[in-house]
Amino acid sequence: MQLAVELEELGTRIIEASKFLEHAEEELSQRIIGQRDVIRRVFIAMLVNGHILLEGVPGLAKTLIVSTFAAAMNLKFQRIQFTPDMLPADLVGTMIYNPKEMEFYPRKGPVFANVILADEINRSPAKVQSALLEAMQERQVTIGSQTFPLQEPFMVLATQNPIEHEGTYLLPEAQVDRFMMKVIVDYPSYDEELEIMLRSATNASKVPVKAVVHSGDIFQARTLIDRIYVDPRVQRYIVDLVVATRVPAQYGMPELETMIEYGASPRASIFLLLASKAHAFLQHRPYITPEDVKAIVYDTLRHRIRPGYEAEAENIKPSDIIRQILQHVQVP
Amino acid sequence: MLLLICSTGWLPASPAHAGKGVPAVTMMVTPDTLLVGDRIHCTIQITNPDQDVASVAWGDGVDSLSVRTFEPVSSKHISSSLHSGQSQEKFELELAAFGTGQQLLPPFTVALHDIKGNITKKIVYKPSTMVFVRALTDSTMRDLRPVKPPQKPPIPLLLIMPVILGVFGVAGLVLLLLFMLKRVVRKSAEKVDSGQVAQRKLRKLGSSLSAGMPPHECYEELSNIMRSFLENHYRISALEAVTQEIERDLKKLGIAGFESIMNLLKQADLVKFADSRPDVEESRQSLHKASEVIRSTRYFRPHDQPVEADEPQ
């Protein structure tokens with residue numbers, strides 16, 4: 001059975017255009033053992049202009065993943081360690097007085113880069129978080145009276161530690177919602193850990209990361225992703241999943257009504273569709289199937305569902321709620 | 001009306017024949033008011049100048065068969081003493097009162113005995129002491145009290161028990177019948193071969209295709225039939241799963257015809273999600289393939305637990 005001609009042609013182009021990701025993945029695997037899912041999510045976010053919130057305990061190579069990714073993708077990388085005494089100017093930049101010319105000129109902050117690692121974003125006060133999240137949303141920064149557009153591609157990967165909350169500033173729901181995905185970085189497997197240990201426990205210098213991607217590759221991939229076919233059935237499936245987080249009783253889950261305080265916003269539907277398209281792109285497919293949706297639904301919805309009091313009392317996590325929704329919403 | 005005649009001191013009782021050598025008799029009565037049936041206590045003191053021994057008896061000269069107002073209950077000689085040549089004797093008697101209203105105490109007889117015990121003299125005394133005997137019922141009550149309706153005797157438990165046991169027995173029988181009916185229905189449902197059901201649906205679908213059903217709709221239906229068959233036959237949740245999840249579950253089971261099943265599902269996915277438009281001939285071939293696959297897998301039925309879908313990532 002043949003695909004429609006346009007899709008056939010799109011499929012061929014996708015296979016060609018996605019080769020750079022295979023090269024990047026190969027390069028990343030030289031430095032990073034395991035964490036394949038996290039790397040894939042980073043690719044997905046980059047392909048559809050999204051941002052990622054990485055959550056995991058310290059020492060799981062979150063920073064290494066991001067820095068290696070930026071180097072392999074030939075993108076400018078900036079790591080910003082968020083601290084309680086940080087100011088928005090430390091992030092976006094400030095006006096500096098030049099005594100020779102007797103005038104102020106803007107000094108751009110670390111946010112002017114392609115890949116930003118906002119390390120421990122919840123350690124800074126709300127005003128700094130807001131400054132970064134505004135830059136994420138608007139993709140431009142105003143210093144003094146001048147507005148500067150941020151470089152493209154622009155991607156923020158923020159990290160936060162799930163176990164240490166003392167002296168932190170919890171990200172408000174409205175700000176968390178701006179992250180396309182919240183990816184949980186888990187411990188490596190036994191074999192992976194063995195390999196990590198053998199590779200890292202040496203005094204030899206690390207293998208330098210080669211830039212294997214041209215900046216044009218990313219933009220070409222984005223153009224193709226926009227053309228990926230989405231059947232109305234899949235469109236409805238995506239909306240069903242998101243709406244089910246708001247009115248679970250309508251989908252045969254009345255027990256979830258008290259478990260969910262707030263469901264996902266319409267931004268979730270948008271990001272779920274975009275991420276599904278990027279996932280299909282990674283699978284070299286010119287169309288989306290429910291598999292693509294299911295593959296990234298946990299990362300796209302988990303930070304957009306606020307569990308209610310009963311759910312917290314019964315230790316029910318957003319992932320459990322999403323699992324139940326997936327079991328009840330009919331797959332097309 | 002209360003009469004206090006002799007309750008507070010000793011009063012002389014008047015003999016029927018008073019004179020010299022006649023003993024002096026005094027009497028004390030308590031209480032002066034009592035209810036019908038209650039007892040009055042009488043203490044009689046006899047002072048005898050002749051030093052004869054005295055005895056007391058009630059009721060002499062009274063018809064013993066008639067209903068008497070006072071009935072002697074007991075009689076006791078308490079003490080005997082000698083003072084200045086005269087003997088003094090005390091008797092304590094109890095009388096039960098039966099008449100109502102103001103009553104005069106009954107006469108009693110004092111008998112004097114010599115040393116040999118012979119009665120030397122017998123004197124009848126009529127006391128002037130009066131007591132007031134109250135009736136037990138309230139005299140002001142004029143109306144009859146309403147009569148309570150007779151109570152029905154409670155039904156004995158032994159009579160009810162057979163009924164209760166009968167009800168429980170019938171209920172148990174009904175439950176048993178329902179349980180057996182359910183088992184029979186379940187067994188008969190299990191006997192229905194999911195393969196046969198799928199084949200019947202495929203035949204029906206083939207007829208619809210011949211009747212002009214659009215091929216893409218045929219694939220959609222084919223996908224549903226295959227998923228339903230896989231769910232019932234292999235006990236995997238195929239209806240809520242995507243093709244990749246079905247592929248993973250079937251791989252775990254290691255069934256025959258795995259490739260063919262996956263090809264059919266993937267073809268159906270192309271039609272459903274990639275806007276692919278197959279022709280009638282392709283649809284017919286797919287139906288034929290599906291029929292063959294179901295036939296070839298009908299004897300493979302895993303008895304494991306249903307395969308659980310894992311969370312991706």
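The values are calculated or read from the model by the stated rules, or taken from the named source; none is laboratory data. Remember, it's a predicted structure, so these values are computed and weren't measured experimentally. Glycine also receives a Cβ, built like all others from the backbone with ideal geometry; neighbour counts cover every protein chain displayed.
Take B:S260 and decide whether it is in a helix (DSSP H, G or I), of a type in the set (G, A, S), within 14 Å of chain A (Cβ to nearest Cβ) and farther than 13 Å from A:P332 by Cβ.
The answer is no for B:S260.
Just a yes or no: is a residue in region B:111-120 in contact with a Lys or Arg (Cβ under 8 Å, 6 or more places away or on another chain) and closer than 21 Å to B:M27 by Cβ?
Yes; the residues of region B:111-120 include at least one that is in contact with a Lys or Arg (Cβ under 8 Å, 6 or more places away or on another chain) and closer than 21 Å to B:M27 by Cβ.
Only one of (1) touching a Ser or Thr at 6+ places or on another chain (Cβ under 7 Å); (2) in a loop (DSSP other than H, G, I, E, B) is not met by A:T258, so which one is it?
With respect to (1) touching a Ser or Thr at 6+ places or on another chain (Cβ under 7 Å); (2) in a loop (DSSP other than H, G, I, E, B), A:T258 is out only on (1).
Among the listed residues A:I52, A:I33, A:I39, which satisfies the condition of being surrounded by 14 or more Cβ atoms within 10 Å (Cβ to Cβ) and free of Cβ contacts under 8 Å to residues at least 40 places away in the same chain?
A:I39
Being within 14 Å of chain A (Cβ to nearest Cβ), among the hydroxyl-bearing types (S, T, Y) and either surrounded by fewer than 21 Cβ atoms within 10 Å (Cβ to Cβ) or on the phi < 0 side of the Ramachandran plot (or both) narrows it down to one residue among B:S228, B:S210; which is it?
Within the list B:S228, B:S210, the selection yields B:S228.
Restricting attention to region A:31-44, which residues are of a type outside the set (A, V, I, L, M) and assigned to a helix (DSSP H, G or I)?
Hits for region A:31-44 are A:R31, A:R36, A:D37, A:R40, A:R41, A:F43.
Select from region B:282-311 the residues that are surrounded by 16 or more Cβ atoms within 10 Å (Cβ to Cβ) and at pLDDT below 65 and write down the one among them that is farthest from B:K252 (Cα to Cα).
B:R298
Can you tell me how many residues within region A:26-42 are away from chain B (no Cβ under 11 Å), closer than 24 Å to A:H214 by Cβ and out of contact with any Lys or Arg (no Cβ under 8 Å at 6 or more places or on another chain)?
7
Can you find a residue in region A:73-92 that is touching a strand residue (DSSP E or B) at 6+ places or on another chain (Cβ under 6 Å), of a type in the set (D, E, K, R) and buried (at least 23 other Cβ atoms within 10 Å of the Cβ)?
no
So is A:R79 closer than 23 Å to A:F154 by Cα and within 14 Å of chain B (Cβ to nearest Cβ) or not?
no
Residue pairs, Cβ under 8 Å, 6 or more apart or interchain, first in region B:169-187 and modelled with pLDDT under 95, second not in a helix (DSSP H, G or I). List them.
Between residues of region B:169-187 that are modelled with pLDDT under 95 and residues that are not in a helix (DSSP H, G or I), there is no close pair.
Working carefully through the options A:V243, A:V329, A:V247, find the one that is within 14 Å of chain B (Cβ to nearest Cβ), more than 21 Å from the chain's Cα centre (by Cα) and of a type in the set (V, I, T).
After applying the criteria, what remains is A:V329.
Output yes when any residue across region B:175-193 is polar (S, T, N, Q), surrounded by fewer than 18 Cβ atoms within 10 Å (Cβ to Cβ) and assigned to a helix (DSSP H, G or I), and no when none is.
Within region B:175-193 (the criterion being polar (S, T, N, Q), surrounded by fewer than 18 Cβ atoms within 10 Å (Cβ to Cβ) and assigned to a helix (DSSP H, G or I)), the answer is yes, since at least one residue qualifies.
Determine which member of the set A:Y262, A:Y298 is in contact (Cβ under 8 Å) with a residue 12 or more places away in the chain, among the aromatic types (F, W, Y) and buried (at least 20 other Cβ atoms within 10 Å of the Cβ).
A:Y298
Regarding region A:308-316, can at least one residue be identified that is away from chain B (no Cβ under 13 Å), assigned to a helix (DSSP H, G or I), surrounded by fewer than 16 Cβ atoms within 10 Å (Cβ to Cβ) and touching a residue at least 40 places away in the same chain (Cβ under 8 Å)?
Yes, there is a match, as at least one residue in region A:308-316 is away from chain B (no Cβ under 13 Å), assigned to a helix (DSSP H, G or I), surrounded by fewer than 16 Cβ atoms within 10 Å (Cβ to Cβ) and touching a residue at least 40 places away in the same chain (Cβ under 8 Å).
Could you list, in sequence order, all residues of region A:291-332 that are of a type outside the set (S, T, N, Q) and farther than 16 Å from A:M259 by Cα?
If the condition is that a residue be of a type outside the set (S, T, N, Q) and farther than 16 Å from A:M259 by Cα, then A:E291, A:D292, A:V293, A:K294, A:A295, A:I296, A:V297, A:Y298, A:D299, A:V329, A:V331, A:P332 are the ones that fit.
One residue is enough: does region B:215-236 have a residue meeting the conditions out of contact with any strand residue (DSSP E or B) (no Cβ under 7 Å at 6 or more places or on another chain), free of Cβ contacts under 8 Å to residues at least 40 places away in the same chain and of a type in the set (A, V, I, L, M)?
No; the residues of region B:215-236 include none that is out of contact with any strand residue (DSSP E or B) (no Cβ under 7 Å at 6 or more places or on another chain), free of Cβ contacts under 8 Å to residues at least 40 places away in the same chain and of a type in the set (A, V, I, L, M).
Cβ-Cβ below 6 Å, separation at least six or inter-chain, first residue in region A:227-251 and free of Cβ contacts under 8 Å to residues at least 40 places away in the same chain, second buried (at least 20 other Cβ atoms within 10 Å of the Cβ) and charged (D, E, K, R): which pairs?
From residues that are free of Cβ contacts under 8 Å to residues at least 40 places away in the same chain, there are no pairs.
Taking only region B:91-146 into account, find how many residues are assigned to a loop (DSSP other than H, G, I, E, B) and surrounded by 13 or more Cβ atoms within 10 Å (Cβ to Cβ).
Count: 10.
Could you please let me know if A:V66 is within 14 Å of chain B (Cβ to nearest Cβ), within 23 Å of A:V207 (Cβ to Cβ) and β-branched (V, I, T)?
Taking the combined requirement at face value, the residue does not satisfy it.
Scan region A:5-19 and give yes if some residue there is away from every other protein chain (no Cβ under 14 Å), within 22 Å of the chain's Cα centre (by Cα), more than 30 Å from A:Y190 (Cα to Cα) and hydrophobic (A, V, I, L, M, F, W, C), otherwise no.
yes
Mind counting the residues in region A:18-30 that are crowded, with 19+ Cβ neighbours inside 10 Å and part of a helix (DSSP H, G or I)?
Selection size over region A:18-30: 5.
Consider A:H284 against the criteria (1) touching a Gly at 6+ places or on another chain (Cβ under 8 Å); (2) away from every other protein chain (no Cβ under 14 Å); (3) not charged (D, E, K, R): it satisfies all of them except one. Which criterion is unmet?
With respect to (1) touching a Gly at 6+ places or on another chain (Cβ under 8 Å); (2) away from every other protein chain (no Cβ under 14 Å); (3) not charged (D, E, K, R), A:H284 is out only on (2).
In the set B:T33, B:T69, which member is of a type in the set (V, I, T), within 27 Å of B:A135 (Cβ to Cβ) and at pLDDT 85 or above?
Matching residue, one of B:T33, B:T69: B:T33.
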